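Input: a single structure, listed below in structure tokens.
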Amino acid sequence: MSLNDAKVVVIGGSSGMGLAVAKMAADEGARVVIAGRSEEKLRQAADEIRQPVETRSLDVTQEQAVQAFFVETGELDHLVVTAATGVAGSFLELETPSFRQIFDSKFWGQYFAARYGAQRIREGGSITFFSGVAAAKPVDGLSAYAAVNGAVEALCRSLAVELAPLRVNAVSPGIVDTPAYAGMSPAERKRMFDALAARLPARRIGRPEDVAAAVISLMKNGYVTGSVVYVDGGHRLV
Ligand SMILES: NC(=O)c1ccc[n+]([C@@H]2O[C@H](COP(=O)([O-])OP(=O)(O)OC[C@H]3O[C@@H](n4cnc5c(N)ncnc54)[C@H](OP(=O)(O)O)[C@@H]3O)[C@@H](O)[C@H]2O)c1
């Protein structure tokens with residue numbers, strides 16, 4: 001199944017893995033729409049994509065805004081949601097509002113997108129959700145992400161049946177070098193990445209393009225649905 005002329009909407013497409021998906025889809029001839037909160041980030045992303053791309057300002061935690069976004073978007077072929085915001089922290093120290101913020105952006109954001117986007121997706125299209133390694137492997141400080149990712153994967157399987165023949169899949173990235181880690185100092189980030197890379201079967205940290213390639217494949221393969229695809233360098237195994 002070709003992406004040529006397909007309409008691909010990436011919520012979270014202004015940074016990291018969403019931006020990599022947007023670039024790859026545009027390179028395959030798709031008409032790409034990227035959405036996120038910051039107009040500045042959207043402008044920079046559009047420059048980086050170097051192909052015509054539509055940018056739309058959207059806060060995915062706002063149900064009515066998501067509903068209006070899809071009314072304006074009209075029909076589409078593939079929907080990808082990478083949007084998430086939140087801080088990691090140990091279970092007993094992370095304040096409840098911080099735990100909730102991760103659910104608000106990552107769970108409810110994907111829920112709203114599917115809820116209001118699904119009926120506008122043309123035959124043969126797909127939804128790709130974003131989960132993460134914390135669902136499969138307990139990692140200190142990531143309990144909120146573990147819970148959210150588990151919920152996203154359960155929703156994915158359920159919707160793959162309920163919304164069929166629309167295909168619904170999820171990718172589960174491991175640790176991927178994206179602006180999500182911009183809050184760490186470069187030295188701190190390097191220390192963390194190097195220590196983890198040495199333990200991983202793949203012996204390196206993920207790149208946004210590693211994950212984007214899996215997302216593109218999920219859009220194009222009409223026989224994959226209800227799947228969680230791990231792109232984690234083997235992180236969940238060690
Ligand atoms: N990076 C990793 O190591 C890793 C590991 C496992 C799983 N993941 C998951 O992979 C996904 C993508 O992560 P990433 O590292 O690529 O993130 P990123 O570089 O921080 O990009 C996040 C994108 O989502 C947008 N966004 C955030 N909150 C939003 C909101 N409320 N409404 C609309 N857009 C919003 C951001 O733009 P604005 O800020 O302008 O809104 C940005 O475009 C996330 O679900 C993350 O949990 C990441």
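The values are calculated or read from the model by the stated rules, or taken from the named source; none is laboratory data. Note that this is a predicted model, so its numbers are computed, not measured. Cβ coordinates were reconstructed from backbone atoms using ideal geometry, including for glycine residues, and neighbour counts include every protein chain displayed. Remember, those area values only see protein heavy atoms, side chains included, never the ligands or the DNA or RNA. Shrake-Rupley method; radii C 1.70, N 1.55, O 1.52, S 1.80 Å.
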- [ ] Only one of these is more than 16 Å from the chain's Cα centre (by Cα) and farther than 19 Å from residue 16 by Cα: 139, 152, 168. Name it.
- [x] 139
Task: Qualifying residues in the stretch 204-233 (those that are of a type in the set (Gly, Ala, Ser) and open to solvent by 10 Å² or more (accessible area, probe 1.4 Å)) - the one farthest from the chain's Cα centre (by Cα) - done: 222
TODO: For residue 88, indicate whether it is open to solvent by 30 Å² or more (accessible area, probe 1.4 Å), closer than 23 Å to residue 132 by Cα and touching a residue at least 24 places away in the same chain (Cβ under 8 Å).
DONE: yes
TODO: Output the number of residues of the stretch 142-189 satisfying the condition of being open to solvent by less than 50 Å² (accessible area, probe 1.4 Å) and either among the basic types (Lys, Arg) or modelled with pLDDT under 95 (or both).
DONE: 2
TODO: Kindly indicate the residue of the stretch 41-51 that is at pLDDT 95 or above and surrounded by fewer than 16 Cβ atoms within 10 Å (Cβ to Cβ) and also farthest from the ligand (Cβ to nearest atom) among those meeting that condition.
DONE: 47
TODO: Considering each residue of the stretch 119-130, count those that are within 11 Å of the chain's Cα centre (by Cα) and more than 7 Å from the ligand (Cβ to nearest atom), and give that number.
DONE: 3
Open item on the list: If I go through the stretch 131-153 residue by residue, how many of them are touching a strand residue (DSSP E or B) at 6+ places or on another chain (Cβ under 7 Å), of a type in the set (Gly, Ala, Ser) and not in a loop (DSSP other than H, G, I, E, B)?
Closed with: 1
TODO: Filter the stretch 175-196 down to the residues that are outside any loop (DSSP other than H, G, I, E, B) and of a type in the set (Gly, Ala, Ser), then identify the one that is farthest from residue 87 (Cα to Cα).
DONE: 195
- [ ] Please identify the pairs in which a residue from the stretch 48-66 that is under 12 Å from residue 38 (Cα atoms) has its Cβ atom under 6 Å from the Cβ atom of a residue that is more than 9 Å from the ligand (Cβ to nearest atom) and not aliphatic (A, V, I, L, M), counting only partners at least 6 apart or on another chain.
- [x] 58/69
Open item on the list: Let me confirm something: among 102, 121, which residue is within 22 Å of residue 41 (Cβ to Cβ) and among the hydrophobic types (A, V, I, L, M, F, W, C)?
Closed with: 102
- [ ] Can you confirm whether the stretch 67-79 contains a residue that is surrounded by 16 or more Cβ atoms within 10 Å (Cβ to Cβ), under 17 Å from the mean Cα position of the chain (by Cα), within 14 Å of the ligand (Cβ to nearest atom) and within 23 Å of residue 214 (Cα to Cα)?
- [x] yes
Open item on the list: Quick check on this structure: which one of 98, 158 is more than 15 Å from the ligand (Cβ to nearest atom), assigned to a helix (DSSP H, G or I) and not aliphatic (A, V, I, L, M)?
Closed with: 158
Open item on the list: Whether any residue in the stretch 107-116 is loosely packed, with under 14 Cβ neighbours inside 10 Å and within 30 Å of residue 199 (Cβ to Cβ) is what I want to check.
Closed with: no
Task: Matching entry among 129, 103 (being in contact with a helix residue (DSSP H, G or I) (Cβ under 6 Å, 6 or more places away or on another chain), among the aromatic types (Phe, Trp, Tyr) and over 23 Å from residue 72 (Cα atoms)) - done: 103
Task: Considering residues of the stretch 131-148 that are touching a residue at least 24 places away in the same chain (Cβ under 8 Å) and within 10 Å of the ligand (Cβ to nearest atom) only, the residue farthest from residue 215 (Cα to Cα) - done: 142
